[in-house]
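What follows is one structure encoded as structure tokens, with my remarks underneath.
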Amino acid sequence: MKTTQMSHTLWLMLPTVALFGTLLSGCQSEATTTNTADTASKSANLLASAKFDTAKLTPVTNEINLTGKITFNQDKVVKVFPLVGGHIEAVKSDLGDYVQKGQTLAIIRSGEMADVEQQAIAAKGQLAVALKNSQVTEDMAKGGLSSQRDVVAAREQLQAAKGELNRVNERRSILGGRGSSVYIVKAPVSGFVVEKTAAPGMELRSDDPENLFTISNLDHVWVMANVYESDLANVHEGDAARITTLSYPDRVYQGRIDKVFNVLDPESKTEKVRITLLNADNTLKPEMFANVSVQYAGKDRRVAIPAKAIVFADSRNFVVVANAQNQPIVREVDPFKTIGATTYLNSGVQAGERVVTQNQLLIYTALGN
């Protein structure tokens with residue numbers, strides 16, 4: 001009897017168990033769907049603030065490190081010589097000063113300037129005499145007292161006097177004559193005084209080969225780098241170059257080789273190359289030491305990605321890749337080498353895949369790595 005009652009009770013509980021099982025299965029399915037949706041939403045949120053770059057199969061760029069120095073742009077260097085001899089009374093500009101075109105650099109008292117002024121006075125007097133003589137001769141010729149030959153001679157003397165006065169006035173203009181024995185040395189161009197030999201009290205000769213000042217515009221400077229004989233075949237005009245200096249180690253100047261001097265130094269066995277740099281803020285000074293890295297394309301082709309995309313953790317290198325479903329995936333990569341802002345890979349990423357280049361460390365950490 002008891003056995004019959006227990007069997008009846010079990011039959012009555014079977015619908016309840018089945019109903020519970022159905023409810024439990026539904027909850028699990030709903031939880032799975034919710035987790036999948038949450039994962040997709042989390043992935044979308046992680047990539048919302050990210051930036052991407054596409055991996056590309058490109059020739060590997062090679063790099064040569066050269067030594068060099070900053071020099072003047074010789075196309076913008078002007079040496080100032082005195083045009084007369086004399087005694088330097090005053091120097092108005094010092095080494096390193098910036099001067100404007102026409103600004104006074106030095107004042108020289110010169111006997112040659114006094115001679116030029118005297119020549120100008122004499123030339124004016126000769127012209128006045130020649131003009132008067134020509135007028136008198138022509139008047140006498142009209143009265144029959146002078147021959148035509150005398151008239152021609154008087155006119156030639158007048159022309160010669162005018163020519164002499166023009167010559168003297170032209171020389172006075174070149175020397176900047178002001179009716180005195182003072183000669184003023186003026187800046188022919190605007191720029192910095194980069195060399196100075198003038199000093200008050202110095203005596204000068206008109207044939208002195210030494211310049212008093214050198215003025216250079218430092219808006220553009222040259223970087224002269226030395227290329228060793230073994231690297232000559234890899235350096236050409238137009239190659240990209242990165243320049244750093246000891247004074248500004250964190251600042252990188254970008255340029256291109258614009259001149260290759262096809263002559264080897266017999267002692268160092270190096271060839272010089274030139275890079276012209278914009279120097280608007282005048283931070284680069286002549287004679288500064290410079291490190292020059294020249295880049296050139298090689299024959300090997302590898303997948304290239306931005307160097308900033310790589311996350312270094314646990315002595316390994318990783319990148320965050322966005323898959324076809326726009327979900328972030330962490331990949332371990334094997335870098336071949338890094339040149340500038342580009343890293344070339346042996347493996348880990350295929351050409352055409354998108355790698356995260358901003359907030360990659362945050363995404364890497366959020367994914368539980």
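The values are calculated or read from the model by the stated rules, or taken from the named source; none is laboratory data. Predicted model only: the values in this text are computed from it and were never measured. With ideal geometry, Cβ positions are generated from the backbone for all residues, glycine too; neighbour counts draw on all protein chains shown. Accessible surface areas use protein heavy atoms only, side chains included; no ligands, DNA or RNA. Shrake-Rupley method; radii C 1.70, N 1.55, O 1.52, S 1.80 Å.
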In the stretch 190-203, is there at least one residue being among the charged types (D, E, K, R) and either out of contact with any strand residue (DSSP E or B) (no Cβ under 6 Å at 6 or more places or on another chain) or loosely packed, with under 13 Cβ neighbours inside 10 Å (or both)?
yes
Please go through the stretch 91-135 and pick out each residue that is assigned to a helix (DSSP H, G or I), open to solvent by 80 Å² or more (accessible area, probe 1.4 Å) and either without any contact (Cβ under 8 Å) to a residue 12 or more places away in the chain or within 30 Å of Thr197 (Cα to Cα) (or both).
Asp115, Gln118, Ile121, Lys132, Gln135
Which of the following residues is in a helix (DSSP H, G or I), surrounded by 15 or more Cβ atoms within 10 Å (Cβ to Cβ) and within 48 Å of the chain's Cα centre (by Cα): Val168, Val185, Val151?
Val168
For the stretch 324-337, pairs from a residue that is within 15 Å of Ile363 (Cβ to Cβ) and touching a residue at least 60 places away in the same chain (Cβ under 8 Å) to a residue that is open to solvent by 70 Å² or more (accessible area, probe 1.4 Å) and hydroxyl-bearing (Ser, Thr, Tyr), with Cβ under 9 Å and 6 or more apart or across chains, are Gln327/Thr39
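Among the residues of the stretch 329-338, are any part of a strand (DSSP E or B), in contact with a helix residue (DSSP H, G or I) (Cβ under 8 Å, 6 or more places away or on another chain) and modelled with pLDDT of 90 or more?
So far as the stretch 329-338 goes, yes, one or more of its residues are part of a strand (DSSP E or B), in contact with a helix residue (DSSP H, G or I) (Cβ under 8 Å, 6 or more places away or on another chain) and modelled with pLDDT of 90 or more.
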Hits in the stretch 204-228 - residues which are over 15 Å from Lys272 (Cβ atoms), part of a strand (DSSP E or B) and not aliphatic (A, V, I, L, M):
Phe213, Thr214, Ser216, His220
Of the residues in the stretch 248-293, how many are in a loop (DSSP other than H, G, I, E, B) and open to solvent by less than 60 Å² (accessible area, probe 1.4 Å)?
7
